[in-house]
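Written below as structure tokens is the structure these notes are about.
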Ligand code: NAP
């Protein structure tokens, strides 16, 4: 029988754990989300972060800027947030509009406040196997696999994404856990042939229907990170819109050994892991101040 790798139960446990940690703190932690432009998926993710922060007892500030903001103006915003000792963590909501280079902007964030784990210092720690703050989606996928007791060591993982946020850091995290890893992207010649070699398939593309059910084999574990909102936007709400992953869950679920639902798989854990990273940041800052 297919195992459904749901993420809501673990996310709820993490929320309870983080809430009790918050109640023991003298100061209130503050997360700042920097958004440039408008994008339905980004609005959805931010709404989830605002709600989760409220439940945990963390202040979440949402700073929204027009697409016309220059790199220098955004840089000054980030420098101001670095200097403010009341701010524990900063994230730049991705994707950014074309013209703004995320790698360069991330380097302007104090690495101890980089709770997305994308600063070169955090990325280097991940690459060297000494993980400190790692991207929340990657941490969420690792936790999901551990929670559902899916073995990783010695397994062949095929990741469809080479993005800075998901594909590349996930490849490093799985290598750190002794998987054999292949990365696919938009120029990969035959996704079908690559997917056929996998024990674990992770797809993080954002194209519903990318992976038809014929691609999959009975022993495989499927992690669908893709997230697309379809249909008309209703005011500021997301109800009434269909949320799709990169594959058709209903068509694939009885063909494989384990699979994540969308929604309710990786998504809830990404949000919970982001707030876990905020606590890591808080600890790092305390350590660096007292060192
Ligand atoms: P991104 O930066 O645009 O990366 C997408 C990746 O998919 C790129 O590496 C791209 O290849 C690859 N790709 C595009 N078309 C492809 C194709 N036809 N065949 C194979 N690969 C293809 O996006 P992202 O920020 O990483 O996000 C990806 C998806 O994951 C989105 O749906 C996003 O909403 C979702 N997401 C979900 C969560 C969650 O918690 N559930 C968290 C983060 C992201 P190239 O490099 O060649 O362009």
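The values are calculated or read from the model by the stated rules, or taken from the named source; none is laboratory data. These figures come from a predicted structure and were not determined experimentally. A quick note on method: Cβ atoms are made from the backbone with ideal geometry, for glycine too, and the neighbour counts reach across all protein chains shown.
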Can you spot a residue in segment 48-55 that is farther than 24 Å from residue 206 by Cβ, away from the ligand (no atom under 14 Å from the Cβ) and surrounded by fewer than 19 Cβ atoms within 10 Å (Cβ to Cβ)? yes
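For residue 132, indicate whether it is more than 9 Å from the ligand (Cβ to nearest atom), modelled with pLDDT under 95, touching a helix residue (DSSP H, G or I) at 6+ places or on another chain (Cβ under 8 Å) and not in a helix (DSSP H, G or I).
Values: more than 9 Å from the ligand (Cβ to nearest atom): yes; modelled with pLDDT under 95: yes; touching a helix residue (DSSP H, G or I) at 6+ places or on another chain (Cβ under 8 Å): yes; not in a helix (DSSP H, G or I): yes.
The answer is yes for residue 132.
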Mind checking which residues of segment 56-70 are free of Cβ contacts under 8 Å to residues at least 60 places away in the same chain and either in contact with a strand residue (DSSP E or B) (Cβ under 8 Å, 6 or more places away or on another chain) or surrounded by 13 or more Cβ atoms within 10 Å (Cβ to Cβ) (or both)? 57, 59, 60, 61, 62, 63, 64, 65, 66, 67, 69
What is the one condition in (1) part of a strand (DSSP E or B); (2) surrounded by fewer than 20 Cβ atoms within 10 Å (Cβ to Cβ) that residue 153 does not satisfy? (1)
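Go through segment 4-39 and report how many residues are farther than 17 Å from residue 269 by Cα and surrounded by 14 or more Cβ atoms within 10 Å (Cβ to Cβ). Before you say what the answer is, go through the steps one by one.
Restricting attention to segment 4-39, the residues satisfying the condition of being farther than 17 Å from residue 269 by Cα are 20-39.
Next, only the ones that are surrounded by 14 or more Cβ atoms within 10 Å (Cβ to Cβ) stay: 21-22, 29-37, 39.
Result for segment 4-39: 12.
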Do we find a residue being away from the ligand (no atom under 14 Å from the Cβ), exposed (fewer than 14 other Cβ atoms within 10 Å of the Cβ) and over 19 Å from the mean Cα position of the chain (by Cα) anywhere in segment 107-126? no
Among residues of segment 162-205 being near the ligand (Cβ under 8 Å from one of its atoms) and touching a residue at least 60 places away in the same chain (Cβ under 8 Å), the residue surrounded by the most Cβ atoms within 10 Å (Cβ to Cβ) is 204
